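Below: the structure, in structure tokens.
The values are calculated or read from the model by the stated rules, or taken from the named source; none is laboratory data. All values derive from a computational prediction rather than experimental measurement. Cβ placement follows ideal geometry from the backbone for every residue including glycine, while neighbour counts extend to all protein chains displayed. Side chains are part of the model used for accessible areas, which takes the heavy atoms of the whole protein and leaves out ligands, DNA and RNA. Shrake-Rupley method; radii C 1.70, N 1.55, O 1.52, S 1.80 Å.
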Amino acid sequence: MPEPQPARERILSRLRAAPARALPADPAPGGPVWAPPVHGDARLTRFRAMLEASRAEVHEAGAEDWPEILRTILAAKGVGSVLYAPNTATGRRLAEAWADAPAPTPALVAYDRPVEQVKPMLVERIDAAVTAALGGIAHTGTLVLWPTPEEPRLMSLLPPIHAVVVDRGTVADSLSAVITAERWTDGMPTNAVLVSGPSKTADIEQTLAYGVHGPKELIVMVIG
Amino acid sequence: MSAEPRQSDFTGKARIALDDPKLRANFRRAMDGLMAKRGAQFADPVEWAALRARGIAARAGSLARLPELLEQLERRCAENGIQVHWAETTQEANAIVLDILQAAGARRVIKGKSMVSEEMHLNAHLNAHGIATMESDLGEYIIQLAGEAPSHIVMPCIHKNKAEVAALFADRIPGQPYTEDVDQLTAAARRALRGAFASADAGISGVNFAVAETGTLVLIENEGNGRLSTTLPPLHIAVTGIEKVLERLDDLPPLLSLLSRSATGQPITTYVNMITKPRQPGELDGPTAVHLVLLDNGRSRVYCDPELRDTLRCIRCAACMNHCPVYTRVGGHTYTFTYPGPIGKILTPQIEGLDCAGEQPHASSLCGACAEVCPVGIPIPQLLVRLRQEAVSPTSTAVKGGGTGGSLMETLIWRATTLMFTSPRLYGAGSRLMGWFGHLAPAWLPGLDRWTRTRSKPKFAAKSLHRLAKERGYPDA
Ligand code: SF4
């Protein structure tokens, strides 16, 4: 049982005692009602363009050959170690395809233990991570990530490069459309993240710099 | 306890800031950039009007049901395993955070950006009790190294140019050479902070929106330090004002769009971090305990006044300060308290009291730029005028320190003005006298000196507009 909180009672009783007030009049009477953006046929083009505008790398690939394409991309960047989720469909596909790939193939490192046991490795020694995305949002060029026990939260955050595999069929028009279609109001996961590009900052003289805390590079594999 | 000066000294500080060409150049450049980026985002006036109407409805609707929604939020959070705490004052909030940290044996805290924690002076409180705090937002990290306070609510170190940051880093980060290369400076901060993230016992963050429907805390950012602070350490404490509640998850998309586009001119921030639960059985990372501290600090009093309640709609986008001709010239530190610019001018006097921040509502030309760009339509100029009135003749008990403003001179001038402007004869006589003798009045004349201290003495026309019109034979003059 939580302790009684006198502050809670005092705050709530002040708020409850406050006079009711009519909601403000529509600031744009007769004007258009806001509706979530719709992109129709242009959805994938928009998704790609918006992601690229925020400096993500976007590649299209087949459901079968994406691990090979990704391997070439990562190898060209000199990536030595890749964090992966061994118990997800994406992770399994990656491990299978890279098992007998020619050199240079980055070494796969499984994220399969609690963070407390692997913190120094995760924080300092991994070059890249590969995860799946639950879906995409065309309007803003956004990836929807729902980390799971099999694919933990820090994968998309700690390594300098994050590669995301997103199925083209899961790209929606807007965040509103995703919330409705996926029935988010029925219950949210521990953590959900929308990612729209690599980590960046403009805190020093409004000059854009990438990778200040999260990944410096975001690679998006649109498959299917 | 509070490290904050109790009295604002806007006039004195403004004079110093106005004489600092470097500071003025830093703000001018930054504000011009931010205004242009926001302008490009809202180039379509029809879309802007519709989206803003939706944003206003979401915030005003949530505020209208604030007490119920706070209880709903608390219930949902409890169901999800997030512990909710209530604090009436910043002292109470500081004590709650300290208790949680001490109970967990935490010695080192990593912080994501949070204006509410600035409002609480949380770092000073924790440091005084032997807990080290490290700011991780790049801007906050820079000003923490410099021992300064934020000068802008979105870009805290906007008052510094890169040469100043370069010198600071070379001085304070071991092994860091002097460089003005922004990429290298950013990389230096990443290196310096990685270890701090890994060794932190707890993370403290703010909250942008707390969704009552699902009990979800929404945090937006570009850097990833907020995600790290709320994911890597074993304990997460979020602090937020009680007004940040949203009724429904559906309110989020329009507000996210308004907030990111107004603040930095981005369609969406790089990360939108939605936290609903602590680490669940089987999950490999994330904090095992999450706490939410709801801070009142005067907000429930603001809420009691139906007109001033609009202050609480604010989503802290900073567009009002970016567009404010006063803020741009005097910078954020001139406002003394945590929130600068137009939002600060209406919020600070209500939270701290008109007796210590009563001059702030006057630091405005009432040009209305703030209200024009505010994505949630807060009528800032109207509220400034209301607060000016409350300082002299209070109409309700809602405003702390009401009736403490004004002076005999001010009262006399207003009385005389009212008399003149309500009597055509007196007005005619007065304006004629001004025309004849006004130029003889010395600049130091009491009353007139308030004007001439910072401006040249007005030149009185020989004939009033009214007389000129009459002479030209306008029939209704
Ligand atoms: S008052 Fe309006 S413009 Fe200013 S920070 Fe708040 S929401 Fe933004």
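Of the residues making up the stretch B:431-474, those that are assigned to a helix (DSSP H, G or I) and closer than 30 Å to B:Arg15 by Cβ are B:Met434, B:Gly438, B:His439, B:Leu440, B:Asp449, B:Arg450, B:Trp451, B:Thr452. In this structure, does B:Pro394 turn out to be under 24 Å from A:Arg21 (Cβ atoms) and either in the same structural domain as B:Leu63 (by TED's automatic domain parsing) or without any contact (Cβ under 8 Å) to a residue 60 or more places away in the chain (or both)? Yes. Scanning the stretch B:143-173 for residues that are in contact with a Cys (Cβ under 9 Å, 6 or more places away or on another chain), under 19 Å from B:Asp32 (Cα atoms) and open to solvent by less than 10 Å² (accessible area, probe 1.4 Å) yields B:Ser151, B:Ile153. For B:Val330, the conditions (1) modelled with pLDDT under 95; (2) more than 14 Å from the ligand (Cβ to nearest atom) are fulfilled apart from (1).
Taking the criterion of being open to solvent by less than 10 Å² (accessible area, probe 1.4 Å) and facing another protein chain (nearest Cβ under 8 Å), would at least one residue in the stretch B:308-323 satisfy it? No, that holds for no residue. Can you find, within the stretch B:358-403, the residue that is least open to solvent (accessible area, probe 1.4 Å) among those that are among the polar types (S, T, N, Q), within 16 Å of the ligand (Cβ to nearest atom) and more than 14 Å from every other protein chain (Cβ to nearest Cβ)? Filtering first and then ranking leaves B:Gln360. Assessment of the stretch B:252-273 against the conditions (surrounded by fewer than 19 Cβ atoms within 10 Å (Cβ to Cβ), in contact with a Gly (Cβ under 9 Å, 6 or more places away or on another chain) and over 25 Å from A:Gly211 (Cα atoms)) yields no matching residue. Residues that are within 11 Å of chain A (Cβ to nearest Cβ) and hydrophobic (A, V, I, L, M, F, W, C) within the stretch B:147-183 comprise B:Val154, B:Met155, B:Cys157, B:Ile158, B:Ala163, B:Val165, B:Ala166, B:Leu168, B:Phe169, B:Val182, listed in sequence order.
Set side by side, the residues B:Asp355, B:Asp305 differ, and just one is within 14 Å of chain A (Cβ to nearest Cβ) and more than 16 Å from the ligand (Cβ to nearest atom), which is B:Asp305. Can you tell me how many residues within the stretch A:201-224 are open to solvent by 10 Å² or more (accessible area, probe 1.4 Å), at the interface with another protein chain (Cβ under 8 Å from one of its Cβ atoms) and touching a Gly at 6+ places or on another chain (Cβ under 8 Å)? Result for the stretch A:201-224: 2. Considering only the stretch B:418-477, state which residues are among the basic types (Lys, Arg), out of contact with any helix residue (DSSP H, G or I) (no Cβ under 9 Å at 6 or more places or on another chain) and surrounded by 12 or more Cβ atoms within 10 Å (Cβ to Cβ). B:Lys470 - this is the single residue of the stretch B:418-477 that is among the basic types (Lys, Arg), out of contact with any helix residue (DSSP H, G or I) (no Cβ under 9 Å at 6 or more places or on another chain) and surrounded by 12 or more Cβ atoms within 10 Å (Cβ to Cβ).
Among the residues of the stretch B:340-353, those that are open to solvent by less than 10 Å² (accessible area, probe 1.4 Å) and on the phi < 0 side of the Ramachandran plot comprise B:Pro340, B:Pro342, B:Ile343, B:Gly344, B:Lys345, B:Ile346, B:Leu347, B:Thr348, B:Pro349, B:Gln350.
With the structure loaded, tell me whether B:Ile220 is open to solvent by 10 Å² or more (accessible area, probe 1.4 Å), part of a strand (DSSP E or B) and touching a strand residue (DSSP E or B) at 6+ places or on another chain (Cβ under 7 Å) or whether it fails that test. Criteria met by B:Ile220.
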